[in-house]
Amino acid sequence: SAVISQKPSRDICQRGTSLTIQCQVDSQVTMMFWYRQQPGQSLTLIATANQGSEATYESGFVIDKFPISRPNLTFSTLTVSNMSPEDSSIYLCSAGTSGGGYNEQFFGPGTRLTVL
Amino acid sequence: QKEVEQDPGPLSVPEGAIVSLNCTYSNSAFQYFMWYRQYSRKGPELLMYTYSSGNKEDGRFTAQVDKSSKYISLFIRDSQPSDSATYLCAMAFSNDYKLSFGAGTTVTVRA
């Protein structure tokens, strides 16, 4: 298993500003992901954070809005850029190790973002 | 049509009751079926996963998958107040890390 921590746990931001969320895993993992969880909706995958290369974004998410870094096998950041109230959500980091077949993902506690 | 449908509830049951949760899905290629539990202000934690069709039991929890009907279920026996949480179903293709989640069902077990 993996223990994942996120910083900050919550924040209130002004429209037009940016926020960087950090994700730290207690062991080396192959895969790291960023999700968004909006009230009453499914967890939506934003992107896969690739170590040493550009992140892979899902449909509807772009690098200019959600730049992601992953400098090593235990750490990643997600920036929410030029924020608007529609970006208010919970942002979750997850991590796992691929081994063929089923790849279990462990989730961080989330970052609760409110944009005014 | 959403890929994974889950009734958001909320569901309120008395302590000791059986909780029944379910999800339907549209893509028959899904092979792995997961149930996550999420307490308030926490991240989801994996409860159980099942490969293909069949049943799986773990203590008070039983997961069922019916691929012919594209329907999965989670049963919680002898429910406790500590089971009060949001339960999320999730699905994945074989050898694929991407998870498709349901919206989650909020369960309250009354003491």
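Side notes on the structure shown:
- Aspartates and glutamates with Cα under 15 Å of B:LYS98, excluding same-chain neighbours fewer than 8 positions away: A:GLU58, A:GLU104, B:GLU3
- When exposed loop sites are taken as chymotrypsin sites (Phe, Trp or Tyr not before Pro) in a DSSP loop with at most 14 other Cβ atoms within 10 Å, the longest stretch of chain B clear of them is B:40-92.
- Alpha carbon Rg of region A:10-63, scaled by the compact-globule rule 2.2 N^0.38 Å: 1.31
- Among the listed pairs A:LYS65/B:LYS67; A:LYS65/B:LYS2; A:LYS7/B:LYS56; B:LYS42/B:LYS67; A:LYS7/B:LYS70; B:LYS2/B:LYS56, a Cα-Cα separation exceeding 29 Å is found for A:LYS65/B:LYS67; A:LYS7/B:LYS56; B:LYS42/B:LYS67; A:LYS7/B:LYS70.
- Expressed in Å, the radius of gyration and Dmax of the Cα atoms of chain B are 13.3, 42.
- Shielding by partners - mean other protein chain Cβ count within 10 Å, residues of B:33-45: 4
- In a DSSP loop and with at most 12 other Cβ atoms within 10 Å, the trypsin sites (Lys or Arg not before Pro) in region A:15-88 are A:ARG15.
- Cα Rg, Dmax, the protein assembly as shown, angstrom units: 17.6, 51
- Residue by residue along A:37-49, Cβ atoms of other protein chains within 10 Å of the local Cβ number 4 on average.
- nm² value of the averaged projected area, convex hull over the Cα atoms of region A:1-113: 7.0 nm²
- For the protein assembly as shown, the dipole from Cβ point charges (+1 on Lys and Arg, -1 on Asp and Glu) about the Cα centre works out to 300 debye, to the nearest 20.
- Unpaired by the 4.7 Å Cβ criterion, cysteines found in the protein assembly as shown: A:CYS13
The numbers here are math on the coordinates, done by the rules we state, and not lab data. Values in this document were obtained by computation on a predicted structure and should not be read as measured data. With ideal geometry, Cβ positions are generated from the backbone for all residues, glycine too; neighbour counts draw on all protein chains shown.
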